[in-house]
Amino acid sequence: MENFTFYSPTFFVFGKQTENEAGSYVKQFGGSKVLIHYGGNSAKRSGLLDRVINSLKKENIPYIELGGVKPNPRSGLVYEGIDLCRREKVDFILAVGGGSVIDSSKAIAAGTVYDGDFWDFYSGKLIEKALPVGTVLTISAAGSEGSPDSVITKEEGMFKRGATGNAIRPKFSILNPELTQTLPPFQTAAGITDIMAHLYERYLTNTKDVEVTDRLIEALLLTMKQEGPKAVKDPNNYEARANIMWAGMMAHNNSCGVGRSQDWNSHDIEHELSALYDCAHGAGLAVTMPAVFTYVMNHDVMRFAKVAVRVWGCQMDFDHPENTALEGIEAFRHFLISIGMPKNFDELGAKEEDIPKLVDVLCNGNGRTGSLNGFVKLDEKDCTEIYRMMI
Ligand code: NZQ
Ligand code: ZN
């Protein structure tokens, strides 16, 4: 195991009706003027926004609102939010929504207290200072409710890039599984896929003897395999929603990723797809992961065979472990299809003729230097081949 530090100070409030306590947590964490940031219409339609506003009123906390965050959130609204927060002297940002809303909130939080262009953080600069952010989560997926990360797309060039820093870990996150019951099955499934991707990206490591985190990841993958289809089939299954919601947080606050190298090639390869085609991140990952895994499998066949046996119930073929590895990847692919995820470029809305453009932005755009350096180093030729495998 490698040396590590781990700082995860988010206060979690989990369970039914907990959104009504948002105001008291804003107060507890020092907010005296709040920006409520939200997405399209879902939080308004469900009455959630009203409940959150009432909770602020109850504490006599003044607030302003900024809605309109799109899935795969854009830089334009972030600049708008930064101006607004400075003008209105906002000192706390309350994100009401999914990963896109939370990530946009984190970007505004960092940008408001920074002298330069907030995009510097999405070009590699560590976020060391930000306004405090609290979240009321409405979809189990990105894990942004407990992560030090934010992903934003810059309209100019359509670069989808991440920024990181403990300063943007939420001060508190309210996780009420009931709020996810209004999700359409497709979004539920896309979230399940993203959660499983966060686990696989950590499982694919070059660090030896990391049994504790391996076992944690396997347990969470098994949970998703069992609970995921229940929530897709019955959106009102509270217990399945609750298990998925907590698994989604644990999958990405990095408790499963400490002390080991991680992959993230699948995420980088997918981010170009959701940037160009505006598809759901999880749907993009469903098409990306089986292709990446099959392409890199021989780098450490036993690692793929291990997850095949421990999670997907495959029989170990000791003479030909590559068969077991491949069987596990296929079982994962079939699982994703069974919950309603797309299986190829066509179903995702991606186009073969765009592959050179995808590869160029992926490998060379926004400061990249020709390759991805995850579990396996992938150059332009490798990435081209991987995108071709998705056709
Ligand atoms: O905008 P509204 O109307 O709210 O609709 C949203 C949106 O259309 C809808 N939705 C959310 N909660 C709902 C609901 N509809 C009905 N009922 C509810 N309770 O779902 C759609 C998707 O929402 P979004 O926030 O985009 O989903 P998700 O949480 O999957 O976030 C995706 C973004 O997070 C990034 C992705 O790249 C993508 O941009 N990621 C962020 C990470 C992080 N910060 O740590 C890590 C991830 O790997 C990921 O890259
Ligand atoms: Zn993800």
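Figures for the structure shown
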read-out	value
Verdict on residue 120 being more than 20 Å from the chain's Cα centre (by Cα) and free of Cβ contacts under 8 Å to residues at least 40 places away in the same chain	yes
Qualifying residue in region 7-23 (condition: among the hydrophobic types (A, V, I, L, M, F, W, C), loosely packed, with under 14 Cβ neighbours inside 10 Å, touching a residue at least 24 places away in the same chain (Cβ under 8 Å) and more than 16 Å from ligand 2 (Cβ to nearest atom))	yes
Out of 197, 231, 189, sole residue that is small (Gly, Ala, Ser), within 14 Å of ligand 1 (Cβ to nearest atom), assigned to a helix (DSSP H, G or I) and in contact with a Leu (Cβ under 7 Å, 6 or more places away or on another chain)	197
Pairs with Cβ under 9 Å, 6+ apart, first in region 76-100 and within 16 Å of residue 144 (Cβ to Cβ) and among the β-branched types (Val, Ile, Thr), second within 16 Å of ligand 2 (Cβ to nearest atom) and in a helix (DSSP H, G or I)	78/104; 93/106
Whichever residue in region 155-173 is more than 17 Å from the chain's Cα centre (by Cα) and modelled with pLDDT of 95 or more and, among such residues, is least open to solvent (accessible area, probe 1.4 Å)	172
Candidate set from region 239-253 (those that are open to solvent by 40 Å² or more (accessible area, probe 1.4 Å) and not hydrophobic (A, V, I, L, M, F, W, C)); member that is farthest from residue 384 (Cα to Cα)	239
Hits in region 313-334 (condition: open to solvent by 20 Å² or more (accessible area, probe 1.4 Å) and either part of a helix (DSSP H, G or I) or in contact (Cβ under 8 Å) with a residue 24 or more places away in the chain (or both))	321, 322, 323, 326, 327, 330, 331, 333, 334
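Each row is one residue, and each column tells you yes or no for (1) farther than 25 Å from residue 249 by Cα; (2) of a type in the set (D, E, K, R); (3) assigned to a loop (DSSP other than H, G, I, E, B).
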| residue | (1), (2), (3) |
| --- | --- |
| 108 | no, no, no |
| 116 | yes, no, yes |
| 130 | no, no, yes |
| 140 | no, no, yes |
| 143 | no, no, yes |
| 150 | no, no, no |
| 162 | no, no, no |
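The values are calculated or read from the model by the stated rules, or taken from the named source; none is laboratory data. These numbers come from a predicted model, not from an experiment. Counting neighbours? That spans all protein chains shown, and the Cβs are built from the backbone with ideal geometry, glycine included. Only protein heavy atoms, including side chains, enter the accessible area calculation; ligands, DNA and RNA are left aside. Shrake-Rupley method; radii C 1.70, N 1.55, O 1.52, S 1.80 Å.
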